Amino acid sequence: MAAEWDAAAGVYKNARAASSCEVPNPLWIFGYGSLVWRPEERWSDYDARPCAVRGWRRYFAQLSTDHRGVPGAPGLVCTLLEDAPEATTRGVAYRVPDADADAVLDDLDFREKGGYTRKIARVVFDDGEAVDALVYSATRDNPNFVQGLDSDDAAAVDKAARIIATAVGPSGDNAAYLLNLADALEGTDPYLAALKARVVELQAS
């Protein structure tokens, strides 16, 4: 089914992420946002391995009206953009058992209905092994993408931080999402560190 947009709700009408790829087999999922620090409960027994993707950059540039914000007062969540050839972005890859694959994909497609598209990324584990993994990417052409926030310059960081510092949604405070992610990946992502510092500064004032 084609992904139709519900502008009022800020999600796809069919309540599913879009797809632009075949599902890899075996199924690995690359987590670069909340899946880094809070994987799904059913994933507790899955093989979870720290890893990195090259050529992709993580930014808080995607409006969230169904998790970390609400329609009319959206929050900001991560996306992973694949047009950064010099970048390396760390996260966690999860090996989904074959028997669970359909259910996991169904859950993730619903969870990422706010503008994300399934894509494939080549992830490299810390021991050098590499596999293809499914990644949910909110690309620049989706309606919830905020132009100009795909940058680590001071103005973009400040603009993103001002949204994150105050937004709240059904899944909780927007700031908690950022702070937990930044803490989980401490020392590996200067952009996350700068964004965290600015949010903490804004909340303190």
Here FRET efficiency (C-beta to C-beta, Ser19 to Asp100, R₀ 22 Å, nearest 0.05) is 0.75
First measure r as the distance between the Cβ atoms of Thr88 and Thr166, then evaluate 1/(1 + (r/R0)^6) with R0 = 45 Å and state the FRET efficiency to the nearest 0.05.
-> 0.90
Counting every Cα pair in region 14-87, what percent are over 19 Å apart?
-> 52
Over all viewing directions the Cα convex hull of region 49-145 casts an average projected area in nm² of 6.5
Value in Å of the Kirkwood radius, where the chain supplies the Cα pairs that are averaged | 17.1
Which whole-Hz couplings ³J(HN,Hα) result when phi for each residue of region 162-179 is put into the Karplus expression 6.51 cos²θ - 1.76 cosθ + 1.60, θ = phi - 60°, listed in order with x for Gly and Pro?
-> 5, 6, 5, 4, 10, 6, 9, x, x, 8, x, 5, 4, 4, 4, 4, 5, 5
Rel. contact order, % - alpha carbon contacts under 8 angstrom, at least six apart, region 49-147 = 33
Residue span Ala73 to Ala193: 0.36 nm per residue of separation minus Cα-Cα distance leaves a gain in nm of 40.7 nm
List the longest stretch of the chain that has no exposed loop site; here a site is one of the trypsin sites (Lys or Arg not before Pro) assigned by DSSP to anything other than H, G, I, E or B, with at most 16 other Cβ within 10 Å.
-> 14-139
Let me have the relative contact order for the chain, percent, based on Cα pairs under 8 Å that are six or more residues apart.
-> 27
Nearest-0.05 FRET efficiency for Ala154 and Phe110 at R0 = 35 Å, using Cβ-Cβ distance, is 0.45
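FYI, it's all coordinate maths here, none of it is from the lab. Every value quoted in this text rests on a predicted model; they were computed, and no experiment measured them. Don't worry about glycine lacking a Cβ; one is built from the backbone with ideal geometry, like all the others, and counts go over all protein chains shown.
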